[in-house]
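This report concerns only the one structure given below.
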There are 2 protein chains.
Amino acid sequence: MAELQVNCLYDFEGDDYNGELSFVAGETLTVLRQDIGDGWWEARSQDGRQGLVPETYVEVMSAPEPQFPPPPPPMVAETAYPTNGSMEQHQHQMPQQQQSFDDWDDDWDDDDDESSNSTGGASQQDLAGQGNFGLAAPTRREKQISPGSEMSKYGTVKSSFNRFSHFAKSGGEAFLMGQGEERVSDSDKIRIVETEEGPVWLNQDAAYTCTFSNLQVSRRYKHFDWLHERLEVKFVCIPIPPLPDKAVTGRYESEFVQERMRQLQYWVNRMVRHPVISRSDVLHHFLTCTDDKKWKVGKRKAEKDEFQGAKFFQLVEPPNQALETRDLEGKMENFCKFVMNMTENVKTLITVHHDYAKKQLGPFKREYTKIGTSLKQLALTFNLDKSPHSGALTAAIDYTGDAYNEIGEMFEKQPPREAYPLIEALYEYKGILQTYPEVLKVHEGAIGKAKECIKLQEEGKMNETEVTSVLTRADTISYATLAEMNNFQRDRVVDFKSMMQHYLREQIDFYKNLTQKLETALHHYDNA
Amino acid sequence: MAELQVNCLYDFEGDDYNGELSFVAGETLTVLRQDIGDGWWEARSQDGRQGLVPETYVEVMSAPEPQFPPPPPPMVAETAYPTNGSMEQHQHQMPQQQQSFDDWDDDWDDDDDESSNSTGGASQQDLAGQGNFGLAAPTRREKQISPGSEMSKYGTVKSSFNRFSHFAKSGGEAFLMGQGEERVSDSDKIRIVETEEGPVWLNQDAAYTCTFSNLQVSRRYKHFDWLHERLEVKFVCIPIPPLPDKAVTGRYESEFVQERMRQLQYWVNRMVRHPVISRSDVLHHFLTCTDDKKWKVGKRKAEKDEFQGAKFFQLVEPPNQALETRDLEGKMENFCKFVMNMTENVKTLITVHHDYAKKQLGPFKREYTKIGTSLKQLALTFNLDKSPHSGALTAAIDYTGDAYNEIGEMFEKQPPREAYPLIEALYEYKGILQTYPEVLKVHEGAIGKAKECIKLQEEGKMNETEVTSVLTRADTISYATLAEMNNFQRDRVVDFKSMMQHYLREQIDFYKNLTQKLETALHHYDNA
């Protein structure tokens, strides 16, 4: 394909940090990629700088000039790396046995460079290969109804398409157009079946987790980091929650390490629990490999996985029935709203329970200790009265003082049982939820592209067979997305049920214990 | 008796507010009273001003001059009028039936002037009559070991004798010296008996209260005020707790009136419960008189009671055994410490429970409401998922949200059940305790005077029969004081037992209720 040259219509001050390319009106740029999405292209200036350019700021050498500079496309908000947390589930035990893998470390560093080159390079090549396949360069008029605006229907996920669109980067368009299809063995197929609650991953309930039970291998944080990256690359329709923070300041080293270990365990458990991820070679390798050389082989194999990115959808075998667009859009809109609202709810719950824990550690404890101390002091004074009828009351008051002091201490010990586990679990959901919009954009990209194809067919630029095939493949992406949404909701119900039960049980235990202390104190007055 | 003239040795700047008389060195004053105590005399200047003067600043016309001005005697701290509170005891019902006594009001005002003149005048005359009976004018050398310093042995009650000494004012010295003895009818006698816990008022346990049960009369606040004054004048060895504040700012009128009514009821109950006070004509009159004219008669009779002030001790029939001085002093010292420490304890408990109530109304409620609200919001979001497995969890979370909101409201409703009744009861004790030091000073005055007499006997200035008789009468005061101390301790044990039981029961009920709410919420997850 010949290089596409564009003429810059206006000055543009790009944001280096976001990989944008600055240019002045009149400059000529070479377009490298048009499949970035969201109104951005990638281009190279004549002095060799590369970066993103707003496509409305440039004209392909023969195109007409607009009258005034349109606004650049919207920015994508940077998402902060969260601390991850997890359910209290321990299906998959992975205690510390680091010695056997300690020697990987030096090795890994070499590996690292190699792998980041090879993976980065590979995906870059893949994308370059499918860069512009005839549909990806809509005219400026068409842009008005292109992917970004389509998403605004979902309302809640902002229409700010990432300029490095996950859809585009993952090879979504190539998949939709039926490019690069590989032979899929039957055993590799991932089936989606229709249920009363909608499409679900087949074997969603089957315990693949069993396979990995009672395994005892240890991994370093960077191994987790590597696995996380692989899973993100491979499963574009599945939100892979971020790993727990690598470093948290203001905690004692040992305490933090323990907490992170637990959280990493939860993270792995969640991956193991997933009906699709649990079947993946990469997870299997991570969980089971205990040999240095085999590790390297498996690692490279995983990085060269044929079916990663949008190619994953080649594995997916959805129900035969075509999806009804309106119904699908309703579901997506609803789910986007769900994700956005739940994100807010989870953040609020975290804040509320952080505050609550602080209150328990401080003011709540203090109130009861103050009562306890003042009663103990009163008992000390009452003890000055040595008359026979006085002693029993004095002892009862002294006992009551002790009881309140103990209750104060109970409050102090409560957060690790009650608020902290809840917060940890909520953090894990915060991680999943903040990953989800990006995942949904893959689907949004597919839907947008499918609509473009329909339009092109109407304009006689694409034939029916081609378009039908695109729509079928778009349905595959929709089915996978819906199946994952249902999987998320199932997990959510299970997790929140267990969270709430644990939380309430701890509170009930606490208040029963507190009541019992008061009752015992009360009985001391019976003979006073 | 000829008027005693003194020469002022130094300038003295008196505090008008405390009724002190300013004078300059060389001025001549006429001494009006030498029985004020604590190093103060009352005198009149030649220009007709009257007031208190430090006796070490003046010399009786022939006495030798000291070299430099000694410090004036210590000041007596002003005691603030407290809000009174009471146990929740309702033996004596006295609902509002104000109409029958409303017409007293105008009448009362006339009465008031009359009575304050007649009482004030009467007691003034009484005191004047016994002003200086030969023992009350110790030489300056003797002053070094006089009443004030004696009290310092008790340590805790400050040696600051009130310059208008309760002992002196009430006619304590006259009683000790056997002056003004009246015939006491057998039925009027108040007997003290020795028990294992020490001397107690006879019939301490007998329910004089029965006599007054089910009476229904109403009194205005000023009637209470009058009764309070009469009881204070009559029972110098009994701490009469102050009435609840006449006005409390910052409350709604109706709420305050109700609260004060309840507190006045508690106050009356406490008087009715007292083994000695309950037998008094003045209380009987207050509780039973429903007739306007009879009221006035009874009122005047009470004001002219023969056995008020120190004369009350004429009624007291103590055990025959003389008290052992060392044992008595130990008891008094211990009790003074008790009163002082308990005063601090009670103040602390009031502060702690005021704070606690504030926490319940504010932060505690807020924490639970925040949890409730955030759970309700989460349920709202979860309700977007209409899949069949989701609804039960959503409902359970919504229910849990309600439960936490209700718990928040429970916290807000708790202070009137828990902290406020305790505070009210503590306030009543605060009132009694702050009255006690003044009461103890009557006894201290008697002990001091008795010691003076012993000294005078040693110096051959008093004969054995006289002194023995003084010591017997001092023992009567001691016995009465000890009986009242024991009465106080008995009441205290009963009251604090009931306070603590009530308090703990309310807390237990509260936390049981709270736990039950959480348990009900937990059960909602059973089928989720």
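Being closer than 26 Å to residue A:360 by Cα, of a type in the set (Phe, Trp, Tyr) and more than 26 Å from the chain's Cα centre (by Cα) is a property that does not hold for residue B:420.
Residue-level check: of (1) assigned by TED's automatic domain parsing to the domain that holds residue A:319; (2) assigned to a helix (DSSP H, G or I); (3) small (Gly, Ala, Ser), residue A:408 misses just (1).
When the residues of the range A:313-372 are narrowed to those that are part of a loop (DSSP other than H, G, I, E, B) and without any contact (Cβ under 8 Å) to a residue 40 or more places away in the chain, which ends up farthest from the chain's Cα centre (by Cα)? Of everything passing the filter in the range A:313-372, A:320 is farthest from the chain's Cα centre (by Cα).
Residues in the range A:380-393 that are part of a helix (DSSP H, G or I) and more than 9 Å from chain B (Cβ to nearest Cβ): A:391 only. Residues that are under 55 Å from the mean Cα position of the chain (by Cα) and of a type in the set (Gly, Ala, Ser) within the range A:373-413 comprise A:374, A:401, A:403, A:408, listed in sequence order. All of B:376, B:370, B:413, B:365 fail the test of being surrounded by fewer than 20 Cβ atoms within 10 Å (Cβ to Cβ), of a type outside the set (Ser, Thr, Tyr) and either within 11 Å of another protein chain (Cβ to nearest Cβ) or touching an Asp or Glu at 6+ places or on another chain (Cβ under 9 Å) (or both), apart from B:376.
Can you pull out every residue in the range A:495-509 that is at the interface with chain B (Cβ under 9 Å from one of its Cβ atoms) and of a type in the set (A, V, I, L, M, F, W, C)? Passing the criteria: A:496, A:500, A:504, A:508. Within the set A:274, A:285, the sole residue that is in contact with a helix residue (DSSP H, G or I) (Cβ under 9 Å, 6 or more places away or on another chain), surrounded by fewer than 20 Cβ atoms within 10 Å (Cβ to Cβ) and in contact (Cβ under 8 Å) with a residue 12 or more places away in the chain turns out to be A:285. Working only within the range A:455-478, note down all residues that are surrounded by 14 or more Cβ atoms within 10 Å (Cβ to Cβ), in a helix (DSSP H, G or I) and not charged (D, E, K, R). Answer for the range A:455-478, where residues must be surrounded by 14 or more Cβ atoms within 10 Å (Cβ to Cβ), in a helix (DSSP H, G or I) and not charged (D, E, K, R): A:456, A:457, A:467, A:469, A:470, A:471, A:472, A:474, A:476, A:477, A:478.
Here the range A:519-528 is the region considered, the condition is being out of contact with any Lys or Arg (no Cβ under 9 Å at 6 or more places or on another chain) and in contact (Cβ under 8 Å) with a residue 60 or more places away in the chain, and the residue that is nearest to the other protein chains (Cβ to nearest Cβ) is A:521.
A single entry from B:427, B:420 fulfils the requirement of being buried (at least 21 other Cβ atoms within 10 Å of the Cβ) and more than 9 Å from chain A (Cβ to nearest Cβ): B:427. Any residue at all in the range A:450-467 that is touching a residue at least 12 places away in the same chain (Cβ under 8 Å) and within 30 Å of residue B:381 (Cβ to Cβ)? Scanning the range A:450-467 turns up at least one residue that is touching a residue at least 12 places away in the same chain (Cβ under 8 Å) and within 30 Å of residue B:381 (Cβ to Cβ).
The values are calculated or read from the model by the stated rules, or taken from the named source; none is laboratory data. What you see is a predicted model, and the numbers here were worked out from it, not measured in a lab. Heads up, the Cβs are rebuilt from the backbone with ideal geometry, glycines too, and the neighbour counts pull from every protein chain shown.
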